[in-house]
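Written below as structure tokens is the structure these notes are about.
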Amino acid sequence: MNLLITLFYYLNRLVYLYTILLVVYALMSWFPGAYQSKFGQLLGRICEPFLDLFRRLPLQFGGIDFSVMAAIFALNIAMEVLQKILISIIY
């Protein structure tokens, strides 16, 4: 059981780090040319495949793209579900 808890802990940390990367990637839209920098291109390769899943949905309202928020929300829901499954396995 300790192995499951440890794996969940590291998975939770990875999801937290990925969430931070998604927020940074979204904030880069405020700076001209940020996506063309080396850091922006690296974040684009990391974040765009996951964000493309949400960009297919109609999440743009008034020129604002809410796909990053939906992606973060989906990640958090997935972690909550995994946590509940882990708790049900342990107890």
#### Entry: Within a Gaussian network of the chain (alpha carbon springs, distance under 10 Å), most fluctuating of I46, I64, I20
I64
#### Entry: Unit charges on C-beta of K, R, D, E only; dipole of the chain, Debye
120
#### Entry: Between helix 38-55 and the chain: long-axis angle, C-alpha atoms, 0 to 90°, nearest 10
70
### Message
Can you show me the helix-derived [θ] at 222 nm for the chain, built from DSSP H runs with n ≥ 4 at -39,500 (n - 2.57) apiece and divided by the number of residues, rounded to the nearest 500.
### Response
-26000 deg cm²/dmol
### Query
When only alpha-carbon atoms count, how far does the chain stretch along each of its three principal axes, as whole angstroms with the largest first?
51, 29, 17
### Query
For helix 2-27, what angle does its Cα long axis make with the longest principal axis of the chain, in degrees from 0 to 90 and rounded to 10?
10
### Accessible area per residue in Å² at 1.4 Å probe, computed on the chain
74
### Message
Which one, Y35, Y16, Y25, has the greatest fluctuation when you compute a Gaussian network model over the chain with C-alpha springs under 10 angstrom?
### Response
Y35
### Candidates F61, F39, F50: whichever shows maximal mean-square fluctuation once the chain is modelled as a Gaussian network with Cα springs under 10 Å
F61
### Task
Select from the chain those trypsin sites (Lys or Arg not before Pro) which occupy a DSSP coil region and have at most 16 other Cβ atoms within 10 Å, ordered by residue number.
R56
### Message
Among G62, L14, L3, whose Cα projects farthest towards the positive end of the dipole of the chain, with charges put on the beta-carbon of Lys, Arg (+1) and Asp, Glu (-1)?
### Response
L3
### Task
Rounded to whole Hz and in sequence order, give me ³J(HN,Hα) for the range 79-91 from the Karplus expression 6.51 cos²θ - 1.76 cosθ + 1.60, θ = phi - 60°, writing x for Gly and Pro.
5, 5, 5, 4, 5, 5, 5, 5, 5, 5, 6, 6, 9
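The values are calculated or read from the model by the stated rules, or taken from the named source; none is laboratory data. Quantities reported herein were computed from a predicted structural model and do not represent experimental measurements. Don't worry about glycine lacking a Cβ; one is built from the backbone with ideal geometry, like all the others, and counts go over all protein chains shown. The area values use the complete protein model at the heavy-atom level, side chains included, leaving out ligands, DNA and RNA. Shrake-Rupley method; radii C 1.70, N 1.55, O 1.52, S 1.80 Å.
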